[in-house]
1. Can you pull out every residue in segment B:379-394 that is within 12 Å of another protein chain (Cβ to nearest Cβ) and more than 30 Å from B:Ile247 (Cα to Cα)?
2. As an exercise: evaluate B:His413 against (1) crowded, with 16+ Cβ neighbours inside 10 Å; (2) away from chain A (no Cβ under 13 Å) and give the number of the one condition it does not meet.
3. Report yes if some residue within segment B:342-352 is more than 7 Å from chain A (Cβ to nearest Cβ), surrounded by fewer than 18 Cβ atoms within 10 Å (Cβ to Cβ) and under 22 Å from A:Cys485 (Cβ atoms); otherwise report no.
4. Run B:Gln361 past the list (1) part of a helix (DSSP H, G or I); (2) over 30 Å from A:Ile265 (Cβ atoms) and report the number of the one that doesn't hold.
5. Could you grab me the full set of residues in segment B:135-184 that are within 11 Å of another protein chain (Cβ to nearest Cβ), open to solvent by less than 20 Å² (accessible area, probe 1.4 Å) and in a strand (DSSP E or B)?
6. Scan (1) closer than 13 Å to B:Ser510 by Cα; (2) crowded, with 18+ Cβ neighbours inside 10 Å for the single condition B:Ile440 breaks and write down its number.
7. Scan segment A:259-270 and tell me whether some residue there is open to solvent by 30 Å² or more (accessible area, probe 1.4 Å) and part of a loop (DSSP other than H, G, I, E, B).
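The values are calculated or read from the model by the stated rules, or taken from the named source; none is laboratory data. Remember, predicted model here, so these are calculated numbers, not experimental data. Positions of Cβ are backbone-derived with ideal geometry, glycine not excepted, and every protein chain shown enters the neighbour counts. All accessible areas refer to the heavy atoms of the entire protein, side chains included, with ligands and DNA or RNA removed. Shrake-Rupley method; radii C 1.70, N 1.55, O 1.52, S 1.80 Å.
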Amino acid sequence: MSLPLTKFRDLSFKSSIYGIEERIVLDIGSCYLKCGFSGEARPRKFISLHLSEEAMDDYLGLNPPVVPHLGHPCGERCSDGVTAALRAKDPTKYAELYDLDLMRVTSQGYTEQDCLKMLEDRLFEYLYDVYFKYLLTDPKQRKVIICESPLAPIALKETIAKVLFKKLQVPSISFAPTHLLALLTTGTATGLVVDCGHLETSALPIFSTRPLTPFIQSTPRAGKFLSNHLKHLLRTMCPITLVDNPTDMRVIPEAMLTDAFLETIKTRILFASPLMITARDDVSQDEMNAKYRDMSGSTEVHVEVWLQEEQARGVLAIPGWIRERACECLFTGDEDAESVTTCILDAVLKAPSDLRRPLISSLLLIGGTAQLPNFQNRLLQELRRELQTNKRWNALSGLTEAVRFLDDLADPSQPPPPPPPASTATEMEKELLADLEALPARSRSSLSASGAGSNRASLQVDRRRKRDAVPKVYESSGRVFMPNCRGWIGGSLIGSLKASGPELLRENYNGTVPDWSTSDITGGIPMPLYEAQ
Amino acid sequence: MLALNAPPGQAPSRQPFVHYRCLCSSPGPSISAQKATLLPLGGGEPLSEGGAAEAPGTPTLKPEKYASSPTITQKEPSTPSQPSLEIMEKLRQQQWLSPSTLSPDNTVQQQHQTTSPQSASGQAEEQRRELTPEEIYASGNNSDSLASLPLSRLYFCDMCEEIRCPKCVQDEIVCYYCPNCLFDVPTASVKAEKHKCSRNCFECPICQSTLSVVADDPLSTQTLIDQQGSSQFHLTCNTCYWNSQEIGMVFDRPNGLAEHVQRGDDKLPDIKEFERLKEHLEKFLRNNSLKPGLPSSTSILSSIQHGTLHSLRYMSSGSQKSQQTDDISHYAPAVQIKEDTEVLEKMMGLTNVNDVTTMNQRLQQLQHQTYFKEQLRPQRIQLRIKKSRRCRSCRHILIKPEQKAQATQYKIHQIALNLLPAITVSSIQPLIVQTTSRVILRFTNPRQEETQITVQYGDGALPRHEVVIHSHRFTVSPFNEVWEYEVGTIAAAPGAQQENVYDRTANSTSIALEVTPVAEGEVKIPLFITFTYKTRKRPSDSAVSDLQTQLVLSSESRQPHAHEYEDKTVSFWSIIGLGEAMPTVSPE
């Protein structure tokens, strides 16, 4: 929405008694859906899409699984739900809302159409609940802001738009990139936002409110990857002892390792170890595990479980080293799936050289997986170590000290105090020149010759300007917002400021949605079709 | 309700059921596909999809339609977007204006639209002309029970004469109330209260059940009013015995607690910080919009869709100017929250899972999502709403409850249970593959009029079990309240003709089916039901009679009397699940 200034000031902060002005902000992930009204500091409701309420509440397999009422999934309400039908079909299967290969024929034999239809039905069920159960508001009255990842499949966006426009008849939708929204909640507009969610981790550099989408990096090492790794660890390393007969050891049955079970373990007892142990290629996984075990100072957690086959209670002992090292899989990488650290540094390396320092000194970690206790500190350590030891990041080696998270309050007790973004001019000059020299030929050639030239020129001016300017250290508000809500909160912010970007109106909806990947590359102005009045 | 013939000691894994299929979600050869062939709309062009609501446009009718529907123009104060609409219309006219498209079907639809102008706004899918029984037959001829529903979940629209399911109705909010104290909350104050009860209703932070207010001194509970001021009160959970004293939450008064808790909530750092950010960004936006010519002169996020371009431009052109002006200026936070280092220590020494909060508990308090139970706070109870539902095609209300929270009556109550014959599986012999077993289906008529029912087995079922229906066509006597009070079987109403049915009692008729399963697994048979009933002709003021007069112009268009009856025929698909078929037992 591009309002002239005068209008903008009039509208801002004016709200009617019924609060129609507020928009609905939706952040639809593959596992959780966040919804609420713009102008509020936190989402109204955080809905789990893949776990039932009971599973989220207390499900560790202690209770025998509830036998569905008379062979049907409990009563009429759920029997018509596609979600319930999916769950009834295969309760162990992860029923995420969508997968990254949304458009592919799945192994279950569903075609693309089936998948999209299923997605549409599920989305409708959830969004209906959002409006009539949680937000209690008429969908026809309020505009909608959707926080989207730049890498979200377009089919997903299209389905969301279809459900919202056709079934719920919302007046307009605007899509806004989660990464940018999250960054706005820190009060800055430049930074590298790392979204560590369920399906993938993505790192997107943003400069002065502009997402540098071509430099986005992503890796599948995220929540789902962690779940699978945890599953493997539990199956191989954690036998169950029967309560009645402690010498009787059983391997944890496959059927018990449901999503609910894994999610419970992930969210309740896992954390990231404060100790870094270098995983090397020449060391086997078993040796590594042994090393982890020796180095671990954490306690073992006993979990009572119900063994369906034996009809007996058992105790699953999860050793401390698994609790602290399960998430190690996110920091190690291979050819198929690079580590989170590599993903971040790659994004920095891809970015123009003069942006690298501002970017790496203002990292922001968002997403649910990022909420593992101590995960952020661990990532900071990993980043620093990687920069120092790995030859691949030679071009960035000068930046080791600058690595900093935006929501990290500078702790005086910590040995390396992050240097201010602009130190003295001469130092700055040296670093920038070094950066430029170190710029790999690959990325230098990607910039056009004139671009590089003017870059250099602009740097000169930059430096002169910076010499005059009083350097200001960024003041962080710390962890005032939780990482998994930041994207939503940003959406709420721009919604309350009526600055949510171009809107797609219902009258103009023709089945397609605007997306950076499909937008017209020649025209800088938004297409009139999507522009608000 | 059902006579189950399950083998002893083994519960049947699949229960018999009767589901009705709503046209909106028919799988198989879908209606939309048919529509595409029958109607000129919905071709391959994206244009037609978007404009299908107004298509197929007859140009002479268009202006009338807009004139007759002021609601549309009111709803969208979008004068600038009109030109694009016009362009689209022109395009559409060029495409659809061939005279061949003006089939009678189109006239029907056009009429349909003029009678219900609201439905024209963007409901391409819901635009449905009246389907012939053949089309309905083709739409649901399979045994997929996924998109079908039990009768109790369905509505029946009298105007469209079609089944409506929760997916093809439009919900509207009637009133807000607290599910705990059943207090009606006025709409005006709902938003300010954040859709939560503003009285004394709280839910337990541990188990989410309702908390009750208790005086610290149990003796003083009887004399709450007298002791005000002298005693303190706290919240306690009767389910898990959580007590608000544990977290130091005590109150001086036994009422108005919500306000008290809310006040504490507003002081939380995330709310302060959010307000600060809002101010900060507003300032930034204002500064930016003052300077024309910059990439983001219009809005901070106009770059969203075109962020790529701007960033490229930034690299190729000089950045100094934009950097000076359009970066967010220095920000001073309202609060500074340090990361809790305790979490790590506690996690390292954790021995019992139950010391850590569950996801559900955490997600009640999104501001900090604590790992520890000591930091959980009671939450106010979320309000609920009463809803009314409209048919999406004709906008008539299908169900509307009384506006008071305590009242359980309905003002309008067009549920399918009251209007469609109810089918029940009254007895089944055990189903064995390649063995014929008898199934009795009972049809109960909820209407005040006698009903003719025709039953047809859908041959599109997979696997196709052999089904022999003994009586295809029969009548069901009207519903009579007297029968409610009588016990035992009642002979059929006098005058009703005798049919070859299994049984006739009161307002229900049972028929026998012979089912021979051809494969193991759940047996689901699709039955195509057509029922005909007499009903009073509608008064002429409704739009439907307009339509009738236009369609049947040749027939005498006399004023319908009050006592004039007409035959109505409604067809629908039902899916009868008969449970599991067992494998053939080898002969001894």
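1. B:Ile385, B:Lys386, B:Lys387, B:Ser388, B:Arg389, B:Arg390, B:Arg392 - these are the residues of segment B:379-394 that are within 12 Å of another protein chain (Cβ to nearest Cβ) and more than 30 Å from B:Ile247 (Cα to Cα).
2. Exception for B:His413: condition (1).
3. yes
4. (2)
5. Once the filter is applied, which keeps residues that are within 11 Å of another protein chain (Cβ to nearest Cβ), open to solvent by less than 20 Å² (accessible area, probe 1.4 Å) and in a strand (DSSP E or B), segment B:135-184 yields B:Ser148, B:Leu149, B:Pro150, B:Val169, B:Gln170, B:Asp171, B:Cys175.
6. Looking at each condition in turn, B:Ile440 falls short on (2).
7. no
Listed here are the residues, each with its yes/no results for (1) under 26 Å from B:Gln369 (Cα atoms); (2) modelled with pLDDT of 50 or more; (3) open to solvent by less than 30 Å² (accessible area, probe 1.4 Å).
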site	(1), (2), (3)
B:Val261	yes, yes, yes
B:Glu273	yes, yes, yes
B:Asn288	no, yes, yes
B:Thr298	no, no, no
B:Ser302	no, no, yes
